[in-house]
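Chemist: Provided herewith is a single structure, encoded as C-alpha cells, for subsequent inquiry.
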Amino acid sequence: MLKLIKSNNPFNYFLAFLFMLGLWAYKFAVMPTAVDTGGMHSYFFRFIYESSKFQYIYTAIAFALTFAFACYLSVSNFRLQIVESGYQLPTLFFTMLVGCLINAQRFIPEMFATLFVSLAILRIFSMYNKYEDIRSSLDVGLLYGLSLLFAYKYIVLLPAIVIVFIIVKPVSWRDLFSFFLSATFVCAIAFCLVWLYGDLNEMLLSVKNEVLTLIFAEKYNYLNYIFFIPVIFSLFVSVLSIFILRVFRKAAEMKYYQSMLVLLVYFGLYVGSPLSSNESVWLMYFPLCYLLSNIVVNARRRVVRGLVFYGLLLCLVVSQILQIMYFDSIF
C-alpha cells in the first residue's frame, strides 16, 4: 500500500475517493443534518439554516467541493514542490482527515472559510523568494477577505498569514499593504452590498453575536477527545517529524515545511480555544495533510512511514465506530 500511494499513480485519486466516500457514508445515509448548533452562523451563509430540507443536497455539494479541493492540493504540490516526489499524497491524506468528525461533514461556514484560507496560503507559497509580487499579494488578501465573510472569527488567523509571508519571502511593506488593502476591500464591498440590498442591522448583530460567543459545553467533554483521535494522532506525529525527517534537499521545501508547522501550531491553539466550534477542526486538515505527506516521503525508516499511514487509518476506523455508536444512541 505504501509503495502504491508514493508512486504518483492515477489510481491514487480513485483510492482517495473511496476513502472519502467510505468515511462520509454514514453522513449521507443516516444523518445529513447537524447534531448541535455550536458551529458558526454567518450572515452571508444564513440561507443554509433556513433551508434544512435541502441538507442532503448540501452534503453532496460539500462532498464534491471537498474532493475537488483535495485534488487541487496535488496539483499545487506538483507545481510548487511542497512535498517533493509525493505529489498525490496530500490529496490522499486530506480525504482521510476530512472524515474525522462526522458532524463537520457538511455545508458549513467553517468548511468554506478554511478552503479560502488554504488557497490564500498556497498563493503565498507561489511567491517564494520574490521580493515584491503585488498581484499575488492582492490575491492573498482577496481570498482571506472571502474567508472572513463566512467565518468572522478567522480574523484571529491574521498573524499566522503574516508569519507565513515572512517565512516564505523577503519582507516587503508593499506586499503586506496590498494584502491588507485587498482583504479590507472585500469586507468593505460586502458591507456596502448589505447596506444597499440587505439588512445591515441583522449583519452587525450576526457579527457581534458570533465574535463574542464562547463555546464551552460542546467542546470540552471526553467525547470530543475520543472523536478527535485521528487529528490528535496526526498532530502528535507531525510535531515529532522535526526529529525523524531527513535533511530537505531544497530550501523552498524547508520553508514550506516550516510554514506548515507554524500553521499547525497556530491553528491548533485556535481550534482548542473557547473561541472556536468543533467544526473549526477543518483548519487542521490543510497543514496536516502536507506534514503527514512529508513524513511518508522523507522519514528515515520505512517502519515510521507505515506507522503514520496505518496508524491514522486505525484511528479513523476507531473514531468512526465510536461516533456512529453515539449518534445511533441519540437518534
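Chemist: Return a yes/no flag: does segment 252-267 have any residue that is in contact with a Cys (Cβ under 9 Å, 6 or more places away or on another chain) and either at pLDDT 90 or above or part of a helix (DSSP H, G or I) (or both). Can you show your working first?
Modeler: First pass over segment 252-267, keeping only residues in contact with a Cys (Cβ under 9 Å, 6 or more places away or on another chain): none.
No, because not a single residue in segment 252-267 is in contact with a Cys (Cβ under 9 Å, 6 or more places away or on another chain) and either at pLDDT 90 or above or part of a helix (DSSP H, G or I) (or both).
Chemist: Hey, another quick one. Give segment 56-73 a look and list any residue that's in contact (Cβ under 8 Å) with a residue 40 or more places away in the chain and not hydrophobic (A, V, I, L, M, F, W, C), or say none. Before the answer, list the steps.
Modeler: Let us first name the residues in segment 56-73 that are in contact (Cβ under 8 Å) with a residue 40 or more places away in the chain, namely 58-59, 61-63, 65-67, 69-71, 73.
Correct list: Y58, T59, T66.
Chemist: State whether one or more residues within segment 129-149 are surrounded by fewer than 16 Cβ atoms within 10 Å (Cβ to Cβ), basic (K, R) and not in a loop (DSSP other than H, G, I, E, B).
Modeler: Within segment 129-149, one or more residues are surrounded by fewer than 16 Cβ atoms within 10 Å (Cβ to Cβ), basic (K, R) and not in a loop (DSSP other than H, G, I, E, B).
Chemist: Sticking with this structure for a sec: Checking L115 against (1) farther than 24 Å from K255 by Cα; (2) part of a helix (DSSP H, G or I), which single condition isn't satisfied?
Modeler: Going through (1) farther than 24 Å from K255 by Cα; (2) part of a helix (DSSP H, G or I) one by one, L115 breaks only (1).
Chemist: Given the conditions (1) in contact (Cβ under 8 Å) with a residue 60 or more places away in the chain; (2) buried (at least 21 other Cβ atoms within 10 Å of the Cβ); (3) among the aliphatic types (A, V, I, L, M), report the number of the one that I163 does not fulfil.
Modeler: In the conditions (1) in contact (Cβ under 8 Å) with a residue 60 or more places away in the chain; (2) buried (at least 21 other Cβ atoms within 10 Å of the Cβ); (3) among the aliphatic types (A, V, I, L, M), I163 misses (2) alone.
Chemist: Tally the residues that are outside any helix (DSSP H, G or I) and more than 30 Å from L245 (Cα to Cα), restricting the search to segment 57-89. Reasoning before the result, please.
Modeler: Going through segment 57-89, the residues outside any helix (DSSP H, G or I) turn out to be 81-88.
If we keep only those that are more than 30 Å from L245 (Cα to Cα) as well, we get none.
Residues that pass the stated criteria total 0.
Chemist: Quick check: anything in segment 198-206 under 27 Å from Y266 (Cα atoms) and either assigned to a helix (DSSP H, G or I) or of a type in the set (V, I, T) (or both)?
Modeler: Here is the first cut: in segment 198-206, the residues under 27 Å from Y266 (Cα atoms) are 206.
Restricting the remaining residues to those that are either assigned to a helix (DSSP H, G or I) or of a type in the set (V, I, T) (or both) gives 206.
Yes: segment 198-206 contains one or more residues that are under 27 Å from Y266 (Cα atoms) and either assigned to a helix (DSSP H, G or I) or of a type in the set (V, I, T) (or both).
Chemist: Okay, next question. Count, please, the residues in segment 269-321 that happen to be surrounded by fewer than 24 Cβ atoms within 10 Å (Cβ to Cβ) and outside any helix (DSSP H, G or I).
Modeler: 7
Chemist: Quick test for you: out of F267, F236, F243, F286, pick the one residue that is without any contact (Cβ under 8 Å) to a residue 24 or more places away in the chain, within 17 Å of L97 (Cβ to Cβ) and among the hydrophobic types (A, V, I, L, M, F, W, C). Steps first, please.
Modeler: Values: F267 fails: without any contact (Cβ under 8 Å) to a residue 24 or more places away in the chain; F243 fails: within 17 Å of L97 (Cβ to Cβ); F286 fails: without any contact (Cβ under 8 Å) to a residue 24 or more places away in the chain.
Exactly one residue qualifies, and that residue is F236.
Chemist: Among what's in segment 50-75 and is exposed (fewer than 14 other Cβ atoms within 10 Å of the Cβ) and among the hydroxyl-bearing types (S, T, Y), pick the residue that is modelled with the highest pLDDT.
Modeler: Y56
Chemist: I'm checking my understanding of the structure. Among residues of segment 166-193 that are buried (at least 16 other Cβ atoms within 10 Å of the Cβ) and not in a helix (DSSP H, G or I), which one is nearest to the chain's Cα centre (by Cα)?
Modeler: K169
Chemist: Are any of the residues in segment 223-244 of a type in the set (G, A, S), more than 25 Å from C289 (Cα to Cα) and either in contact with a Pro (Cβ under 7 Å, 6 or more places away or on another chain) or in a helix (DSSP H, G or I) (or both)? Spell out the reasoning first.
Modeler: Step one: list which residues in segment 223-244 are of a type in the set (G, A, S), which gives 234, 238, 241.
This time we only want the ones that are more than 25 Å from C289 (Cα to Cα), so: none.
The answer is no, given that none of the residues of segment 223-244 is of a type in the set (G, A, S), more than 25 Å from C289 (Cα to Cα) and either in contact with a Pro (Cβ under 7 Å, 6 or more places away or on another chain) or in a helix (DSSP H, G or I) (or both).
Chemist: Conditions: (1) closer than 27 Å to K219 by Cα; (2) modelled with pLDDT under 85. M20 meets all but one. Number of the miss?
Modeler: That leaves (2) as the condition not met.
Chemist: Considering only segment 176-190, I want to know if a residue exists there that is under 18 Å from S276 (Cα atoms) and among the small types (G, A, S). Talk me through it step by step, then tell me what you get.
Modeler: Taking segment 176-190 first, the residues under 18 Å from S276 (Cα atoms) are none.
There is no residue in segment 176-190 that is under 18 Å from S276 (Cα atoms) and among the small types (G, A, S).
Chemist: Within segment 108-160, can you find the residues that are touching a Cys at 6+ places or on another chain (Cβ under 9 Å) and without any contact (Cβ under 8 Å) to a residue 60 or more places away in the chain?
Modeler: The initial filter retains those residues of segment 108-160 that are touching a Cys at 6+ places or on another chain (Cβ under 9 Å), namely 145, 148-149.
G145, L148 - these are the residues of segment 108-160 that are touching a Cys at 6+ places or on another chain (Cβ under 9 Å) and without any contact (Cβ under 8 Å) to a residue 60 or more places away in the chain.
The values are calculated or read from the model by the stated rules, or taken from the named source; none is laboratory data. Since the structure is predicted, the reported quantities are computational estimates derived from the model, not experimental observations. Every residue, glycine among them, receives a Cβ derived from its backbone with ideal geometry; neighbour counts consider all protein chains shown.
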